[in-house]
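S.K.: One structure is given below, represented as structure tokens, and several questions about it will come after.
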Amino acid sequence: MKRRDFITLLGGAAAWPLAARAQQPAMPFVGLVNAGSREMAAERVAAFRNGLSENGYVEGQNVTVEYHWLDGQYDHLPSLMADLARRRAAVITTPGSTPGALAAKAATTTIPIVFGVGDDPVGLGLVASFARPGGNATGINIFVNELVAKRLGLLHELVPKAVRVAVLVNPANAPSAETTLRDLPEAARAIGLQIQVLNASTSREIEAAFATLVRERADALFVAPDAFFISRRVQFVTLAARHGIPTAHNAREEVEAGGLMSYGTDNLDMWRQVGVYTGQILKGAKPADLPVLQSTKFEFVINLQTARALGLEVPNSLQLLADEVIE
């Protein structure tokens with residue numbers, strides 16, 4: 001073989017892997033949308049990735065995940081979902097965001113959607129039924145809003161002298177606000193509590209809400225389920241400590257930061273399950289064939305240190321009932 005021919009053949013062989021790589025399809029991309037902030041994301045994203053890995057998907061190796069943290073700016077949802085639909089995301093996931101799931105459903109009837117919602121997904125119009133979703137969406141119902149009455153009752157047991165309870169809702173998160181205000185008045189009357197409803201959609205409005213509840217001499221604060229509120233947990237704890245206000249939340253992160261108590265779904269388990277379903281869909285499963293799951297893990301968490309700072313004595317019965325007592 002002539003030297004020139006050998007060089008030509010060698011050059012062709014070297015070029016072949018490059019051409020083959022160029023022809024390989026791009027990795028599918030998943031759009032993950034949450035109303036909270038990037039600052040609160042680490043553990044939840046890790047749980048989501050664990051769920052993906054159960055189906056053989058590793059971020060950066062065979063799937064790309066775009067994370068969109070809204071920091072409470074729910075008005076960005078329509079344009080964001082429209083963009084994800086236009087760019088043909090393989091899956092849109094909305095763990096812990098009912099407004100996100102609704103916006104995704106409005107943006108596309110074909111791209112698979114995996115949600116984690118606190119309201120009845122059938123009533124919301126996301127699926128036809130739990131067993132047979134029937135469309136392009138499925139996920140997990142985390143019962144956030146169904147637990148409102150139970151959470152209020154636990155707050156009353158922790159703060160038995162409370163009579164006036166301020167209830168903070170985020171009007172920008174209409175599903176959560178509406179369900180909270182629908183279920184809470186009856187629950188409050190049943191245990192002899194008076195409630196005052198306050199609204200906040202921004203950090204400044206949270207400050208204003210605290211000023212109001214202090215002026216109106218509320219005995220405690222009940223914080224409605226909302227990802228933005230969770231992302232502002234340090235602000236809540238700071239203001240509550242400053243004014244000596246017991247607070248009730250739905251997520252353990254808020255109590256770990258210094259809130260008095262929380263009762264709600266195990267959010268990390270929900271994020272993992274959203275990852276599991278996302279991985280199954282990437283492997284070829286259809287949302288219509290994946291039944292909507294229902295949370296079975298709930299957590300009651302008490303911050304004993306905060307209780308002591310507020311001058312509250314937590315009964316042993318409640319400490320034994322709690323899944324975790326933070327010393």
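S.K.: How many residues are modelled with pLDDT of 95 or more and open to solvent by 60 Å² or more (accessible area, probe 1.4 Å) if we restrict to segment 123-133?
M.R.: Going through segment 123-133 one residue at a time, the tally reaches 3.
S.K.: Let me ask another. Could you check segment 43-65 and list, in sequence order, the residues that are open to solvent by 40 Å² or more (accessible area, probe 1.4 Å) and under 16 Å from the mean Cα position of the chain (by Cα)?
M.R.: Of everything in segment 43-65, those that are open to solvent by 40 Å² or more (accessible area, probe 1.4 Å) and under 16 Å from the mean Cα position of the chain (by Cα) turn out to be GLU43, ALA46, ARG49.
S.K.: Tell me which residues, restricted to segment 237-255, are at pLDDT 95 or above and open to solvent by 20 Å² or more (accessible area, probe 1.4 Å).
M.R.: Answer for segment 237-255, where residues must be at pLDDT 95 or above and open to solvent by 20 Å² or more (accessible area, probe 1.4 Å): VAL237, THR238, ALA241, ARG242, HIS243, GLY244.
S.K.: Answer yes or no: is there a residue in segment 169-184 that is closer than 18 Å to VAL237 by Cα and not aromatic (Phe, Trp, Tyr).
M.R.: yes
S.K.: A further question follows. Modelled with pLDDT of 95 or more and open to solvent by 60 Å² or more (accessible area, probe 1.4 Å): which single residue out of GLU186, GLU178, GLU157 fits that description?
M.R.: GLU157
S.K.: For segment 141-154, what are the residues that are open to solvent by 10 Å² or more (accessible area, probe 1.4 Å) and out of contact with any helix residue (DSSP H, G or I) (no Cβ under 9 Å at 6 or more places or on another chain)?
M.R.: Hits for segment 141-154 are PHE143, LEU147.
S.K.: Against the definition (hydrophobic (A, V, I, L, M, F, W, C), closer than 18 Å to SER262 by Cβ, assigned to a loop (DSSP other than H, G, I, E, B) and touching a residue at least 40 places away in the same chain (Cβ under 8 Å)), how does ALA162 come out, yes or no?
M.R.: yes
S.K.: Then there is this: From the residues in segment 202-233 that are over 26 Å from GLY153 (Cβ atoms) and assigned to a helix (DSSP H, G or I), which one is least open to solvent (accessible area, probe 1.4 Å)?
M.R.: SER231
S.K.: For segment 182-201, which positions are within 19 Å of PHE229 (Cα to Cα), more than 20 Å from the chain's Cα centre (by Cα) and not in a strand (DSSP E or B)?
M.R.: Hit for segment 182-201 is LEU184, nothing else.
S.K.: Shifting gears a bit: Show the residue pairs that are 6+ apart or on different chains and have beta-carbon atoms under 9 Å apart, the first residue being within segment 57-72 and more than 30 Å from SER201 (Cβ to Cβ), the second being surrounded by fewer than 19 Cβ atoms within 10 Å (Cβ to Cβ) and of a type in the set (Phe, Trp, Tyr).
M.R.: Taking only residues 6 or more apart or on different chains, the pairs are VAL63/PHE29; THR64/PHE29.
S.K.: Within segment 26-59, which residues are small (Gly, Ala, Ser), assigned to a helix (DSSP H, G or I) and closer than 23 Å to GLU254 by Cα?
M.R.: Once the filter is applied, which keeps residues that are small (Gly, Ala, Ser), assigned to a helix (DSSP H, G or I) and closer than 23 Å to GLU254 by Cα, segment 26-59 yields ALA42, ALA46, ALA47.
S.K.: Taking segment 264-310 as the search range and keeping residues that are modelled with pLDDT under 95 and open to solvent by less than 50 Å² (accessible area, probe 1.4 Å), which one is nearest to LEU321 (Cα to Cα)?
M.R.: Filtering segment 264-310 down to residues modelled with pLDDT under 95 leaves 264-270, 294-299.
Adding the requirement that they be open to solvent by less than 50 Å² (accessible area, probe 1.4 Å) leaves 264-267, 269-270, 295, 299.
Details: GLY264: 14, THR265: 16, ASP266: 16, ASN267: 19, ASP269: 21, MET270: 22, SER295: 19, GLU299: 10 Å.
Result: GLU299.
S.K.: A further question on this structure: When you look at THR138, is it under 27 Å from HIS249 (Cβ atoms), buried (at least 20 other Cβ atoms within 10 Å of the Cβ) and of a type in the set (S, T, N, Q), yes or no?
M.R.: Spelling it out, it is not the case that THR138 is under 27 Å from HIS249 (Cβ atoms), buried (at least 20 other Cβ atoms within 10 Å of the Cβ) and of a type in the set (S, T, N, Q).
S.K.: Can you name the helices (runs of 4 or more DSSP H) wholly within segment 234-327 that have at least 2 residues being polar (S, T, N, Q) and farther than 27 Å from ASP120 by Cα?
M.R.: Details: elements: 252-256, 267-282, 304-309, 316-321.
Once the helices (runs of 4 or more DSSP H) in segment 234-327 are filtered for at least 2 residues that are polar (S, T, N, Q) and farther than 27 Å from ASP120 by Cα, what remains is 304-309, 316-321.
S.K.: Are any residues in segment 76-116 of a type in the set (A, V, I, L, M), in a helix (DSSP H, G or I) and either open to solvent by less than 10 Å² (accessible area, probe 1.4 Å) or at positive phi (or both), and if so, which ones?
M.R.: If the condition is that a residue be of a type in the set (A, V, I, L, M), in a helix (DSSP H, G or I) and either open to solvent by less than 10 Å² (accessible area, probe 1.4 Å) or at positive phi (or both), then LEU77, MET81, LEU84, ALA101, ALA104 are the ones that fit.
The values are calculated or read from the model by the stated rules, or taken from the named source; none is laboratory data. What you see is a predicted model; the values in this text were computed from it and never measured. Glycine also receives a Cβ, built like all others from the backbone with ideal geometry; neighbour counts cover every protein chain displayed. With ligands, DNA and RNA removed, areas are computed over all heavy atoms of the protein, side chains included. Shrake-Rupley method; radii C 1.70, N 1.55, O 1.52, S 1.80 Å.
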